[in-house]
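Trainee: Before anything else, here's the structure in question.
The values are calculated or read from the model by the stated rules, or taken from the named source; none is laboratory data. The structure presented is a predicted model; accordingly, all values stated were derived computationally and were not measured. When we count neighbours, we look across all protein chains shown, and the Cβ atoms used for this are built from the backbone with ideal geometry, even at glycine.
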Ligand code: SF4
Ligand code: F3S
């Protein structure tokens, strides 16, 4: 599966949702997640994210992000249409410690 990590927080560009063939992105207040059981591993979303927040779970130490993505994808609504990024997206892209800004 692929997952969304904390660099999506406070950016939420949403370019990713336009390309997913199975519509498995789910939207929280300030980030998206991927449902790990619905993702078919096609990889097309990864290069579309301007914040480089989409990673394959084959990278090291991804288990916590898979569980994070699973948890919130089961709570949040699906998103299938691109919308405007969050207002400070450019400024926030790549900032450290974004997990503290996460809102459920
Ligand atoms: Fe969707 Fe493919 Fe990205 Fe998985 S890897 S979230 S199926 S676009
Ligand atoms: Fe987030 Fe990147 Fe999608 S910032 S909303 S994962 S395009």
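Trainee: Answer yes if at least one residue in region 5-15 is within 10 Å of ligand 1 (Cβ to nearest atom) and modelled with pLDDT of 95 or more, and no otherwise.
Mentor: In the first step, residues of region 5-15 are kept if they are within 10 Å of ligand 1 (Cβ to nearest atom); the result is none.
No - not one qualifying residue is present in region 5-15.
Trainee: Here are some residues: 28, 43, 94. Which one is on the phi > 0 side of the Ramachandran plot and within 16 Å of ligand 1 (Cβ to nearest atom)? Write out each step before concluding.
Mentor: Numbers: 28 fails: on the phi > 0 side of the Ramachandran plot; 94 fails: within 16 Å of ligand 1 (Cβ to nearest atom).
Going through 28, 43, 94 in turn, just one is on the phi > 0 side of the Ramachandran plot and within 16 Å of ligand 1 (Cβ to nearest atom): 43.
Trainee: Residues that are closer than 20 Å to residue 94 by Cβ, touching a helix residue (DSSP H, G or I) at 6+ places or on another chain (Cβ under 8 Å), in a helix (DSSP H, G or I) and within 12 Å of ligand 2 (Cβ to nearest atom): does region 46-59 have at least one?
Mentor: Restricting attention to region 46-59, the residues satisfying the condition of being closer than 20 Å to residue 94 by Cβ are 46-56, 59.
If we keep only those that are touching a helix residue (DSSP H, G or I) at 6+ places or on another chain (Cβ under 8 Å) as well, we get 48-56.
Filter once more, keeping what is in a helix (DSSP H, G or I): 48.
Retained after the next criterion (residues that are within 12 Å of ligand 2 (Cβ to nearest atom)): 48.
Checked region 46-59: at least one residue is closer than 20 Å to residue 94 by Cβ, touching a helix residue (DSSP H, G or I) at 6+ places or on another chain (Cβ under 8 Å), in a helix (DSSP H, G or I) and within 12 Å of ligand 2 (Cβ to nearest atom).
Trainee: Something else: Exactly one condition in (1) surrounded by fewer than 13 Cβ atoms within 10 Å (Cβ to Cβ); (2) outside any helix (DSSP H, G or I); (3) modelled with pLDDT of 95 or more is false for residue 64; which is it?
Mentor: Exception for residue 64: condition (2).
Trainee: Moving on to the next point. What tally of residues in region 21-30 results from selecting those that are part of a loop (DSSP other than H, G, I, E, B), in contact with a strand residue (DSSP E or B) (Cβ under 8 Å, 6 or more places away or on another chain) and surrounded by fewer than 22 Cβ atoms within 10 Å (Cβ to Cβ)?
Mentor: Taking region 21-30 and keeping what is part of a loop (DSSP other than H, G, I, E, B), we get 21-24, 28-30.
Okay, now just the ones that are also in contact with a strand residue (DSSP E or B) (Cβ under 8 Å, 6 or more places away or on another chain), so 23-24.
Add one more test, that the residue is surrounded by fewer than 22 Cβ atoms within 10 Å (Cβ to Cβ), and what stays is 23.
Matching residues across region 21-30 total 1.
Trainee: Turning to a different aspect of this structure: Give just the number: which of (1) within 13 Å of ligand 2 (Cβ to nearest atom); (2) over 15 Å from residue 98 (Cβ atoms); (3) part of a loop (DSSP other than H, G, I, E, B) does residue 40 not satisfy?
Mentor: Failing condition for residue 40: (1).
Trainee: Applying the selection to region 31-40, what residues are within 7 Å of ligand 1 (Cβ to nearest atom) and surrounded by 15 or more Cβ atoms within 10 Å (Cβ to Cβ)? Before the answer, list the steps.
Mentor: To start, the set of residues in region 31-40 that are within 7 Å of ligand 1 (Cβ to nearest atom) comprises 34, 39-40.
The answer is 34, 39.
Trainee: Name the residues in region 21-37 that are free of Cβ contacts under 8 Å to residues at least 40 places away in the same chain and within 12 Å of ligand 2 (Cβ to nearest atom), would you? Before the answer, list the steps.
Mentor: At the first step, the residues of region 21-37 found to be free of Cβ contacts under 8 Å to residues at least 40 places away in the same chain are 21-22, 34-37.
Within region 21-37, just 34 meets the criteria.
Trainee: Next question, about the same structure. If you check residue 101 against the conditions, is it surrounded by 13 or more Cβ atoms within 10 Å (Cβ to Cβ) and farther than 19 Å from residue 3 by Cβ?
Mentor: Working: surrounded by 13 or more Cβ atoms within 10 Å (Cβ to Cβ): yes; farther than 19 Å from residue 3 by Cβ: no.
Against the criterion (surrounded by 13 or more Cβ atoms within 10 Å (Cβ to Cβ) and farther than 19 Å from residue 3 by Cβ), residue 101 does not qualify.
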